[in-house]
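Asks: Quick one: the structure is below, questions incoming.
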There are 2 protein chains.
Amino acid sequence: MSVIYDKVALIGLGLIASSMALAMKRAGLAGRITGYARSVETRETARELDLCEVCETAAEAVAEADLVVLCVPVGAMGAVMEEIGPALKPGATLSDVGSVKKAVIEAVQPHVPAGVHFVPAHPLAGTEHSGPRAGFAELYDNRWCILVPVEDTDQGAVDRLARLWRGMGANVDQMDAEHHDLVLAVTSHTPHLIAYTMVGVADDLSRVTDSEVIKYSAAGFRDFTRIAASDPTMWRDVFLTNKDATLEILGRFTEELFALQRAIRTADGPALHDYFTRTRAIRRGIIEAGQDTDAPDFGRKAGTK
Amino acid sequence: MSVIYDKVALIGLGLIASSMALAMKRAGLAGRITGYARSVETRETARELDLCEVCETAAEAVAEADLVVLCVPVGAMGAVMEEIGPALKPGATLSDVGSVKKAVIEAVQPHVPAGVHFVPAHPLAGTEHSGPRAGFAELYDNRWCILVPVEDTDQGAVDRLARLWRGMGANVDQMDAEHHDLVLAVTSHTPHLIAYTMVGVADDLSRVTDSEVIKYSAAGFRDFTRIAASDPTMWRDVFLTNKDATLEILGRFTEELFALQRAIRTADGPALHDYFTRTRAIRRGIIEAGQDTDAPDFGRKAGTK
């Protein structure tokens, strides 16, 4: 692999940015990598780990950078962009890694100077751990990164960013922001909210002790707790900024749940059996697709690091 | 390990029974193992795999057995028991592996002959696969098996069955049927129902294609599909027979979900952040408990076989 950008700047140094730094180094994709995080502690940790050249201001980190990637929570992107906008090099590419795209584009776009190519992106990867120490070079291997170019984006800039993500191990896809936010509401945002809720219910129930929940959690609940352990700030921002799609999917979810609840209450065995047979077939489709994409464990090993 | 029962009979030869046969053989816990399944195809597969001595009737399988284990779906236990009751040897132990205990006891108890010791049990183990070919000897290693003795059960019979389960690799615990059913409604039954629902919603949504759901399912949804792929008959029976506890937990779940939905709709960031911080702490407790019990992956490797 050869160098794709002479200088890459990462703004925010959590799990996603630190994994990007390690993945870029692994394949030699960047001449230099600079980074900035608002918290002194995070900057010090990143220095200690030798993740990248850690700067004391965001403006210093992005100066002369050919690619700048915003790796801060979705709710902070607008403010960060307002600060670094004037410091961006003409001709540079600006990207981000937010889990929501419409809201990020609305917040960031107004501050993008003329001559800078804005290519929003979303790598579908993560673990329940956060911060610079949580990063690892393999996080993006065989995972998807969705690029969400805005209108009139320079195709050369899009292709170059796609090359970078492929170099970091990811498969690259492209869609518009509205569709991205709906797809993610279904595959990620609503499932996370549901997992959070179930874990909260279990904890509240005074007749069942936490230690019982913990001991017997192998049977279904464990996967929920893993999901529900993700970064609270990131998820707060996801739900606040992908509100419409999440509420739509939640509405459908409760509608279906009530139908199943009614089937239980009225002891409608055939309805339950049909439903469960259908969902089993969907899972089989996912397994087959997983084999097709050469990622039979869907990144589980990386995800449970 | 030495022989605990001279003859063990397994009624039903699916994932749970075939794994028991293999685990008993691994440790030499049974002098002989006989088995019966209603379907000819299952009996033939079991013979082909040389799982146990496969009989053509349930009565033949249980004759002279020191331990008989009912490994059929919860809804079939009563009928099976009515059939084999008269063939049980005086002094034998009768057990089962049903995921629900109150309903099984109500269905089975009336048919237990005097002099036979009924010790209901529930091993908390399984995978999304079913049938005799799905079994493997390690399924119970480091998993919990909950014994639910009925009133006046012979303590010697309970201790002996506990020794068998420990010999098959499990940790053994004991509780009453009502509490068991509530604990499982929280840790297993309701999470399964929710996972089934979410997978159904995703499949229904015409604006998002199945192939998109499949490709991008790494981010949260994948764990739901794994749960939702379990045996439909088993789960239908679970919900029909653990109706009260499941409906109670579902009621609490929807109450909490509506509170979170309202927080999203009203953009109450602090409420969302607090909730997600609390659930993260619960997960940490589970991980710590997992390390304590020497099962840091909670059987995930076995579970994803």
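Asks: Is there a residue being in contact with a helix residue (DSSP H, G or I) (Cβ under 7 Å, 6 or more places away or on another chain), closer than 30 Å to residue A:239 by Cα and of a type in the set (S, T, N, Q) anywhere in the stretch A:45-59?
Replies: Yes, the stretch A:45-59 contains at least one residue that is in contact with a helix residue (DSSP H, G or I) (Cβ under 7 Å, 6 or more places away or on another chain), closer than 30 Å to residue A:239 by Cα and of a type in the set (S, T, N, Q).
Asks: When you go through (1) more than 14 Å from chain A (Cβ to nearest Cβ); (2) surrounded by 18 or more Cβ atoms within 10 Å (Cβ to Cβ); (3) of a type outside the set (A, V, I, L, M, F, W, C); (4) assigned to a helix (DSSP H, G or I) one by one for residue B:160, which number turns out not to apply?
Replies: Here residue B:160 meets the rest and fails (2).
Asks: Output the residues belonging to the stretch B:91-136 that are within 13 Å of another protein chain (Cβ to nearest Cβ) and acidic (Asp, Glu).
Replies: Selection gives B:128 alone.
Asks: Against the definition (buried (at least 20 other Cβ atoms within 10 Å of the Cβ) and within 25 Å of residue A:82 (Cβ to Cβ)), how does residue A:147 come out, yes or no?
Replies: Answer is yes for this residue.
Asks: Also: So, in the stretch A:191-231, exactly how many residues are of a type in the set (S, T, N, Q), at the interface with another protein chain (Cβ under 7 Å from one of its Cβ atoms) and in a loop (DSSP other than H, G, I, E, B)?
Replies: Qualifying residue count, the stretch A:191-231: 1.
Asks: Of (1) within 11 Å of another protein chain (Cβ to nearest Cβ); (2) part of a loop (DSSP other than H, G, I, E, B); (3) not polar (S, T, N, Q), residue B:169 satisfies all except one. Which?
Replies: So residue B:169 meets the others, but not (1).
Asks: Moving to a separate point now. I need a count of the residues in the stretch A:147-167 that are within 15 Å of the chain's Cα centre (by Cα) and in contact (Cβ under 8 Å) with a residue 40 or more places away in the chain.
Replies: Counting residues in the stretch A:147-167 that are within 15 Å of the chain's Cα centre (by Cα) and in contact (Cβ under 8 Å) with a residue 40 or more places away in the chain gives 2.
Read the figures in this text as sums done on the coordinates, not as results from a lab. Given the structure is predicted, the values throughout are model-derived calculations rather than measurements. Heads up, the Cβs are rebuilt from the backbone with ideal geometry, glycines too, and the neighbour counts pull from every protein chain shown.
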